[in-house]
Each structure stands twice: as structure tokens, then as C-alpha cells.
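Input: a single structure, listed below in C-alpha cells.
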Amino acid sequence: MAATVNISESNGAGETVTDGVTQINLGSTDAPNLNVSTQANQIVRGALSYRKYLRVHLSALGGSTQIAGIRIWKSAGTYKTGEQVASNCNVHFTYPAFNYTLVGSMDYATPVKTSAQFHTHAGNDIGLPTDANLEVTHADPGGTNMGIGLSLTGTLAAPGYSDYWVIQQVTASGTPVGALNQKIYTIQYDET
């Protein structure tokens, strides 16, 4: 029997956690399972979405002993002009070429749509949105790029959560009006 794993999203001041979200639409509202067909939730071009604070959630081992080695990447979907999805799992900070504790691990903070900085667990600020290297990785990173317990070699041997995967939609004034293209993100992990 396989482990039961889903995606959790954290929202609001004080962090309200929703386990088992069904989608991770980015928009101008800080909410899980966001309906972006509602105009109030849509991103104005030239603006940022609210950040999403997501985690891999192990809810039951189901006969397995642990999960580890989490990898996250954008596996399908094209960008429109001036569009970017920035993340701490990005093309610049890929395993093993970066110090995860210094630049990859994020603490929860009330999601914002105005800031152009990611604040890391180690107290470093990573600038957005001008650095194209902060886009979500576009291919399998070839190794762990999402930690557990502030470590890329961490494991979940009991129900619990990975570190935060933080993503934010960035648009430019030249981004075409209308819906953006759907993106598909792959989350892969090792289960033993």
C-alpha cells in the first residue's frame, strides 16, 4: 500500500492550513482553490499575484517507511509575453549547486502581492521579479530541490509536511490581456 500524499496551502495572517488543495491557481486573492474566472481574483497585468505557500503533506504512511527526495518543476505550459512564475524551486538554485538553508528554505509569512522579495529562513532576501533565474525550474532538476526539516536530505517517517514551496505570478505591462496559459507542475518524491 502506498503513502497518502497531498498538497497543502497556507493562507492569511497566522497561517490557516488547507490540506489536499485541488489546484494552485495564482491570483489577486489570498485563498486556496482559487477560482480565477471570478474577476476579483484575476491579476491585473503589470502586477504580482499573491504568493502561494505550499507544502507536500504526508498524511499516512500506508505501509511505507518514509518519503524523501522531493523534486518540483514546471512540466508543461507556456508563458505569455512578460509572464513569469517565480519560486524558491527555481532554475538558479538547483541541487546540488546551492546552499539550501541560505537561499532555498522559506519561512511562512502572511502572503503578499506587493513585495518583490522572498525572505529566506536564513534571513536573506532574494529579489523579484526582474531576475529570470527565479522562474520555477522548467525540467526535472535531477535531484532534490525541496527540503524537509530545512534539509535537502530530510525525510518524513511520520505524517507531516515538507518545507515551503513558495510561488508568485509576475506579469508585465506588456503581458496580453486575458487568461494566462495553464501550467502543470510535477512533484516527485522517493517512497520507501
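The values are calculated or read from the model by the stated rules, or taken from the named source; none is laboratory data. As the structure is a computational prediction, the values presented were derived from the model and not from experiment. Every residue, glycine as well, gets a Cβ built from its backbone with ideal geometry; the counts of neighbours run over all protein chains shown.
Could you check how many residues of the range 39-58 are closer than 29 Å to residue 145 by Cβ and outside any strand (DSSP E or B)?
Residues in the range 39-58 being closer than 29 Å to residue 145 by Cβ and outside any strand (DSSP E or B): 6 in total.
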> Which residue pairs have Cβ atoms closer than 7 Å, lie 6 or more positions apart in sequence or on different chains, and pair a first residue in the range 11-35 that is within 18 Å of residue 47 (Cα to Cα) with a second residue that is part of a loop (DSSP other than H, G, I, E, B) and charged (D, E, K, R)?
Replying inline: 28/113
> For the range 1-38, what are the residues that are among the aliphatic types (A, V, I, L, M) and part of a strand (DSSP E or B)?
Replying inline: 5, 7, 17
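Tell me which residues, restricted to the range 3-25, are of a type in the set (A, V, I, L, M) and over 17 Å from residue 72 (Cα atoms).
Filtering the range 3-25 for residues of a type in the set (A, V, I, L, M) gives 3, 5, 7, 13, 17, 21, 24.
Answer for the range 3-25, where residues must be of a type in the set (A, V, I, L, M) and over 17 Å from residue 72 (Cα atoms): 3, 13, 17.
Yes/no per residue for (1) of a type in the set (Lys, Arg); (2) touching a helix residue (DSSP H, G or I) at 6+ places or on another chain (Cβ under 9 Å); (3) surrounded by 23 or more Cβ atoms within 10 Å (Cβ to Cβ):
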site	(1), (2), (3)
135	no, no, no
139	no, no, no
142	no, no, no
150	no, yes, no
153	no, no, no
159	no, no, no
165	no, no, yes
169	no, no, yes
172	no, no, no
> Just for the range 171-187: of the residues that are under 30 Å from residue 58 (Cα atoms) and among the hydrophobic types (A, V, I, L, M, F, W, C), which one is farthest from the chain's Cα centre (by Cα)?
Replying inline: 184
> Name the pairs whose Cβ atoms lie under 7 Å apart, with the first residue in the range 138-156 and within 12 Å of residue 188 (Cα to Cα), the second of a type in the set (S, T, N, Q), and 6 or more positions between them or separate chains?
Replying inline: 141/94; 145/94; 145/137; 146/162
>> Whether any residue in the range 141-156 is at pLDDT below 85 and among the β-branched types (Val, Ile, Thr) is what I want to check.
In response: no
> Does residue 70 qualify as being under 17 Å from residue 184 (Cα atoms) and not in a loop (DSSP other than H, G, I, E, B)?
Replying inline: yes
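Matching residues to (1) surrounded by fewer than 20 Cβ atoms within 10 Å (Cβ to Cβ); (2) touching a His at 6+ places or on another chain (Cβ under 6 Å); (3) at pLDDT 90 or above; (4) not basic (Lys, Arg):
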{"position": "48", "(1), (2), (3), (4)": "no, no, no, yes"}
{"position": "58", "(1), (2), (3), (4)": "no, no, yes, yes"}
{"position": "61", "(1), (2), (3), (4)": "yes, no, yes, yes"}
{"position": "66", "(1), (2), (3), (4)": "yes, no, yes, yes"}
{"position": "83", "(1), (2), (3), (4)": "no, no, no, yes"}
{"position": "90", "(1), (2), (3), (4)": "no, no, no, yes"}
> Just one of 100, 53 is of a type in the set (Phe, Trp, Tyr) and at pLDDT 80 or above; which is it?
Replying inline: 53
